[in-house]
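Inspection log for the structure reproduced underneath, given as structure tokens.
Values in this text are rule-based calculations from the coordinates and carry no lab data. For clarity, every value in this text was computed on a predicted model and none was experimentally measured. Note that each Cβ is placed from the backbone with ideal geometry, even for glycine, and that neighbours are counted across all protein chains shown.
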């Protein structure tokens, strides 16, 4: 065996390479928090956007004064009040509100199924064949049977029984005013044939008709109604989507509907039974519940974000004379809008809202509010989100009413002083602050998507569009250049020019073992998928341990620590990243085994030394990279793993920095072309805390080998190697060193470039 070992020439680390970069653990941002970012001088972000510095100063002074006064009051309250007591009272009040509302609404939602079941039972009691060819025969009996249950219901407003003959019998509560008080009367609705009107007549307390037609709906088409379509489609009881109904005015409603059939021929559906609930009545119930406690707003919305009911009563709007659904995020109530926008920003989608979640947030007016979520479900398709919002400051009054009065007076005084100026300037200043905040985040390479500015001005829209394009461009650029490098470039605020600095770096080269064999035994599309996941996991391990990916060279990764940003103990960070990569690779191999992918093994070389790092290339095309002897040695150590069948080799500078924490075993002394002094090479075995006595013994013996090699005591080295291989035949390092010394007894291995 020759004492010289040829290693492929390391890649030109100073050349421009194609770079791929994978970000991990993007910082989450609370969109409800507006961060104002302003730079010094006329080059500031706000100045560039608005060119309205005097208005900004006025608004900032006013808000600062208000915040200062309010802050002093809050600090005084905090000094004289027990925060734990406040939190306890808030939690108890919120829990009581949740318990009260969930029980209340669930009781209401359980009422329509009882009415529908009762109506179906009544219908089946008439005639086994249930031939409803002439509803006049049954209308009196049906109305009498259904009258008591509907009359006493608190939530349901109508029961409808349409049939396949385009006939219908129905009872409904019609709102009326008697003696100056709002109440209702019971009306019987009947339609006997196609194209006939649906006519409603008043009933007395015995369920008998008492007067002429009160309401007439011409050409009432049963078969186009949601309750008919739902009932004949699902057959069993289920809720229709919230829809428009007439009772007798336009309103939003939902039906619980189910079909009934011919008992002699169960496959023949004869009609459906539908129980109507109006959202206005549900809002009334919510308003009564909210009125019990000051500062409470309650609303129910669907998972889509559309309002079902609110304690403020505003659950619909009129568009072109027709009622339309209202989204919680754009609700006229600022409490509903602010709280729902907070939830949307937190979850990303109301579908992920969970029962029992509770939050504390500030609304758009700066009021602290406590928010709690309950999920309303039933077996018939209801899946609503109940949100209770409590004014946290009002809850505090139960602990210190005097402090609350001080806060209210102070806040009112501040608001009164600021109102005129703020109203004039806020329509312009708030969007500009939003722009400034977003541009500040972009400058810090925090490229998460922000809400667009909603002010309908052409110039703001142009700025918003341009900023979104810039964010998208930087986001794509970030995939090719490490974020730390881009952030450093942006902070310099000057033209980037070629240039390097000398810095102590820890450089890592990682290569896939037998990559050519792997590529020959796997389909190209599978290879792309495998390599993409491999590089993503390896890059994540590097970035998580404060490293910077320099470039990908085929199947090789070059990374460095301590540039562009300073990293404490960068040698330890690099070694930790190596073990993190090994763990991630083992996990990947276990997953790939079921797919019959080849098992991947890697070889890593690490070296710490002073290197040149910076922008290298021409003024038109630059690459941020490192070069120098330290980089070349790291590349050669990676290749040297093949000789010693090791996964990780490190240079002596790295060894001295990590030896107290990791067990490092001496491998050999190598001489690199161009360097007069040989380099001690080590392999990292494990953490000191995870080692065993045998590993410590092997490490100590190899350390004796290093000392004797350095002193050129070849005979002692040979004796130690023979002892080690005799005791442990799997010690390839000692075996290879012994073979080298027996062939040519020199103190170091000479490496030649291929």
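Data for the structure
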read-out	value
Region 282-399, relative contact order [Cα under 8 Å, separation at least 6], %	24
Distance from region 251-299 to region 552-624 (C-alpha centre basis), Å	61
Residue order, fewest to most surrounding Cβ atoms within 10 angstrom, among 620, 593	620, 593
FRET efficiency, residue 263 to residue 178 (Cβ-Cβ, R0 51 Å, nearest 0.05)	0.75
Relative contact order (%) - region 502-753, alpha-carbon pairs under 8 angstrom, separation at least six	17
Label-point separation in nm, residue 729 to residue 284, each point 7 Å along Cα→Cβ	9.3
Pairwise FRET efficiency - residue 235 versus residue 375, Cβ, R0 = 35 Å, nearest 0.05	0.85
Potential extension, residue 334-residue 675 segment - 0.36 nm per residue separation minus Cα distance	115.5 nm
Gained length - residue 601 relative to residue 516, 0.36 nm times residue gap less alpha-carbon distance	29.3 nm
Likely footprinting exposure, 527, 237, fewest C-beta neighbours within 10 Å first	527, 237
Label point 7 Å beyond Cα of residue 502 along Cβ direction - residues of region 613-638 with amide nitrogen under 19 Å	613-616, 625-634
Cβ-based exposure ranking for 519, 683, in which fewest neighbours within 10 Å come first	519, 683
Net length gained if the chain between residue 690 and residue 582 were fully extended (0.36 nm per residue, minus Cα distance)	37.3 nm
